[in-house]
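Take a look at the structure set out below.
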């Protein structure tokens, strides 16, 4: 399963389960390597900007 499939699956979850996913991601955030899709190491600020630019809609839905 690729990332797009996982994201699409998360979109179909009930709100309670989406919150569990969000909690898991926040707890494991420090273990995620900050590497761009091109393999370049990123600063936290660069990674944050990348995530919000590419997954902002998903994050808004998870926050609902």
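The values are calculated or read from the model by the stated rules, or taken from the named source; none is laboratory data. Quantities reported herein were computed from a predicted structural model and do not represent experimental measurements. Here Cβ is always computed from backbone atoms with ideal geometry, including for glycine, and neighbour counts include all displayed protein chains.
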Hey, can you tell me all the residues within the stretch 40-57 that are at pLDDT below 80 and loosely packed, with under 10 Cβ neighbours inside 10 Å?
40
Any chance the stretch 19-39 includes a residue that's more than 15 Å from the chain's Cα centre (by Cα), at pLDDT below 80, in a loop (DSSP other than H, G, I, E, B) and more than 21 Å from residue 64 (Cβ to Cβ)?
yes
Among the numbered criteria (1) within 12 Å of the chain's Cα centre (by Cα); (2) surrounded by 10 or more Cβ atoms within 10 Å (Cβ to Cβ); (3) modelled with pLDDT under 80, which single criterion is violated by residue 6?
(3)
Within the set of pairs 6+ apart or on separate chains, which have a first residue in the stretch 16-28 that is exposed (fewer than 14 other Cβ atoms within 10 Å of the Cβ), a second that is at pLDDT below 85, and C-beta atoms under 9 Å apart?
25/32; 25/62
